[in-house]
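The values are calculated or read from the model by the stated rules, or taken from the named source; none is laboratory data. Bear in mind the structure is a predicted one, so any value in this text is a computation, not a measurement. Cβ placement follows ideal geometry from the backbone for every residue including glycine, while neighbour counts extend to all protein chains displayed. Protein only, heavy atoms only, side chains kept; ligands, DNA and RNA dropped before computing areas. Shrake-Rupley method; radii C 1.70, N 1.55, O 1.52, S 1.80 Å.
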Amino acid sequence: MYRAKINGRVAIVTGAAGGFGRQFCRALLGAGAKVAALDRDEAGLAQLSGELDNLGGGERLITRALDIARFAECRDAVQDVNDA
């Protein structure tokens with residue numbers, strides 16, 4: 001039921017390189033969503049991308065390093081996700 005509601009939708013996950021964020025990304029990709037994974041940890045995002053590649057991450061995962069405390073970075077990230 002939930003998979004049908006999420007399939008093809010876009011989710012933005014902040015704190016994506018950490019424990020909970022990583023699991024949210026995994027679950028959303030597994031349910032068919034496209035995921036924008038945002039975090040300050042560039043190395044963690046690279047590791048996340050490698051881990052999730054087998055769930056379609058290469059096609060449905062966008063990673064972006066940013067600080068969510070900075071409005072302009074968030075605005076730009078959302079615009080980039082919309083454009084993609």
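All conditions but one from (1) surrounded by 17 or more Cβ atoms within 10 Å (Cβ to Cβ); (2) without any contact (Cβ under 8 Å) to a residue 40 or more places away in the chain; (3) in contact with a Leu (Cβ under 8 Å, 6 or more places away or on another chain) apply to E73; the one that does not is (1).
Could we say that V81 is closer than 12 Å to V10 by Cα and surrounded by fewer than 18 Cβ atoms within 10 Å (Cβ to Cβ) here? When the stated conditions are applied, V81 passes them. Of G19, G32, G50, G44, all but one fail to be at pLDDT below 95 and surrounded by 13 or more Cβ atoms within 10 Å (Cβ to Cβ); the exception is G32.
Scanning region 1-11 for residues that are open to solvent by less than 80 Å² (accessible area, probe 1.4 Å) and either in contact with a strand residue (DSSP E or B) (Cβ under 7 Å, 6 or more places away or on another chain) or at pLDDT 95 or above (or both) yields a count of 1.
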